[in-house]
1. Would you pull out the residues with amide H under 5 Å of F171's amide H, same chain only if 5 or more places away, H placed 1.01 Å from N?
2. Would you work out which of L32, N81, L69 lies farthest towards the positive end of the dipole of the range 32-84? Charges go on Cβ: Lys and Arg +1, Asp and Glu -1.
3. How big is the range 32-114 by the Kirkwood estimate over distinct Cα pairs, in Å?
Amino acid sequence: MTSLNRPGGNATGAHVLTADLEGKRLELLGELVSASAPVAVLINPKGEYAEQQAKDLQAGAPRIGRQILILNASSERDIDNAFKTLIARQAAGLLVAADPFFNSRREQLVTLATYHGIPAIYEFREYALAGGLMTYGASITDSYRQAGVYAGRVLKGEKPSDLPVVQSTKFDLVINLKTAKSLGLEIPAKLLALADEVIE
């Protein structure tokens, strides 16, 4: 690929922003949890963006007056151990970094966070549907729509190399009020006002 604006070759499409949003997710979680306790961050050390995610989150922590505790997990057992550590360190909340491995372990992550009473934020809406407290990320539906638009344009004769790769422009904040209630959390009104979807 030559560039996002001029991809060249036979490919184009929609680029879904994922790891680039860790700082914003940290800010949103910071609105909910005690300022005196650290926030745990779960990162897959084998993930493509792990190093950048850790840097971005460490840089973002002082801006919101938070100490962060970075925990690594790249297996089911690692996730269990990470939860033991964050409980022992009395973390106020958990940010699950964007990573395909974590998406495949969604049920485990949501179940452990709920069981241990840990407010957590995740990447995609599907976590909130599975019982996760809060998600913030690019709208997958919008990305699929854009891919469909491009497929139509290519079928009508446009060359993929002439179509710039589109980046996410729609981001969804989803809050699960049922989970908040089970955690004994009061969601601030300003956060609820920002939500694109509230699950009750």
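Quick note: the coordinates plus some simple rules give every number you see, no bench work behind them. The model shown is predicted, which means the values in this text are computed figures rather than measured ones. No Cβ is skipped: glycine too gets one built from the backbone with ideal geometry, and neighbour counts run over all protein chains shown.
1. S139
2. Towards the positive end, the residue furthest out is L32.
3. 12.9 Å
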